[in-house]
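Chemist: The following block contains the structure, expressed as structure tokens.
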Amino acid sequence: MNELGTLTEKFNQASDKNKLKLIDDLIAKGEEGYQFLREFLSSSQGHSPNPVLGKIYQTLKNSDNQENINFIEDKIPQGIVHPQSSLNIDYSELQELLIIKEYQKADVLTRVKLCEIAGEKATQRKWLYFTEIAKFPINDLHTIDLLWNVYSEGKFGYSIQRKIWLSQGKDYIELWAKLKWKDGNRWTKYPQEFIWDLSAPLGHLPLSNQLRGVREIDALFAHPAWVTENA
Ligand code: MD9
């Protein structure tokens, strides 16, 4: 078997975590590697989107290879997530920003969208009451979390942050340290000291401003969106 055949076989048998790494090896094979990734993505349509499919999608769409770009435009122009909203909120721009890894812009837009979910008053106030968050539709929180998760190799999103928080015994001091929102006694300065790419620590994004305390993030973590599934 040739080298590419060995690699694709390895890929097919690998865990999702190893698949994420092997995508880079496939890209390094040039057109044949890309062809495999296009076929893999095609055959996965109808499966639920996950970080492996998200990374393949981003790789193909952001490559300067015309076949990849045509494939994306013809087959999956809007991204691999079909954003669900109980409030008819449009998440397509958030998906676009995350696909091209504009994580800082996506982070800003995520705060805008949370206010949009909460309604007119929150949109004008530009921040949220915890009582508003408790009433958020599950669908919309799942969509925002899924978009961040799928297009960050599984690194970003509220459900990841919540898992870290649970693993630290619900201790916010520990959470801030883990997310690098705080370094020792010093808060990370917005926006310049936050890390806006995948070199960030697990769960670093999206940000929840701690200026008014933990009640906002606490309400997010307490939301039924995360307890009704295995998150
Ligand atoms: C994580 C402790 C994302 C004075 C941008 C918020 C937005 O809506 C500016 C004034 C204001 O009212 C923004 C983000 C964060 N901060 C700000 C994120 C963040 C994280 C931890 C902390 N922050 C902690 C923290 C503490 C005091 C402050 N912050 C103060 C502060 C002020 C502003 C911001 N923060 C903005 Mg911060 O938004 O555009």
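Chemist: Assuming R0 = 35 Å, what is the FRET efficiency of Glu3 and Asn185, from their Cβ-Cβ distance, to the nearest 0.05?
Modeler: 0.10
Chemist: Also: Working out 0.36 nm times the residue gap between Ser43 and Lys29, then minus their Cα-Cα distance, what length gain in nm do you get to one decimal?
Modeler: Length gained between Ser43 and Lys29: 3.0 nm.
Chemist: Could you compute how much accessible surface Val112 exposes when probed at 1.4 Å, giving the result in Å² to the nearest 10?
Modeler: The value for Val112 is about 80 Å².
Chemist: A further question follows. Between the helical axis of 158-167 and the dominant principal axis of the chain, each derived from Cα atoms, what acute angle in degrees is found, rounded to the nearest 10?
Modeler: On a 0 to 90 degree scale, this one is about 70.
Chemist: A further question on this structure: Hey, any idea what % of the chain's accessible area is carbon plus sulfur with a 1.4 Å probe?
Modeler: 49 percent
Chemist: Using the Karplus equation 6.51 cos²θ - 1.76 cosθ + 1.60 (θ = phi - 60°), what ³J(HN,Hα) coupling, rounded to whole Hz, does each residue of the range 49-59 give in order, writing x for Gly and Pro?
Modeler: Here the 3J(HN,Hα) series is x, 9, x, 5, 5, x, 5, 4, 4, 4, 4 Hz.
Chemist: Per 0.36 nm of contour for each residue apart, how much would the distance between Asp197 and Asp218 grow if the chain were fully extended, relative to their Cα-Cα spacing?
Modeler: Gain in length upon complete extension: 5.1 nm.
Chemist: Follow-up question, since we're still on this one. Size of the chain along its principal axes in angstrom, Cα-based, largest extent first?
Modeler: Extents along the principal axes: 59, 40, 34 Å.
Chemist: For Asn209 and Gln124, compute 0.36 nm times the residue count separating them, minus their Cα-Cα distance, and round to one decimal in nm.
Modeler: The span from Asn209 to Gln124 would gain 28.9 nm if fully extended.
Chemist: Suppose each label sits 7 Å from its Cα in the direction of the beta carbon; what would the Asp90-Glu73 distance come out to in nanometres?
Modeler: Each label point is offset 7 Å from its Cα along the Cβ direction, giving 2.2 nm.
Chemist: Taking N as the number of residues in the range 128-231, what is its Cα Rg relative to 2.2 N^0.38 Å?
Modeler: 1.03
Chemist: Kindly report the accessible area of the chain per residue (heavy atoms of protein chains, probe 1.4 Å, no ligands, DNA or RNA), in Å².
Modeler: Accessible surface, normalised per residue, equals 53 Å².
Chemist: Sticking with the crude label model, points 7 Å out along Cα→Cβ, report the distance from Leu166 to Val227 in nm, one decimal please.
Modeler: A separation of 1.1 nm, rounded to one decimal place.
The values are calculated or read from the model by the stated rules, or taken from the named source; none is laboratory data. Quick caveat: nothing in here was measured; it's all calculated off a predicted structure. Reconstructed Cβ throughout: ideal geometry from the backbone, glycine too, with neighbour counts over all protein chains shown. Heavy atoms of the whole protein, side chains included, go into the accessibility calculation; ligands, DNA and RNA do not. Shrake-Rupley method; radii C 1.70, N 1.55, O 1.52, S 1.80 Å.
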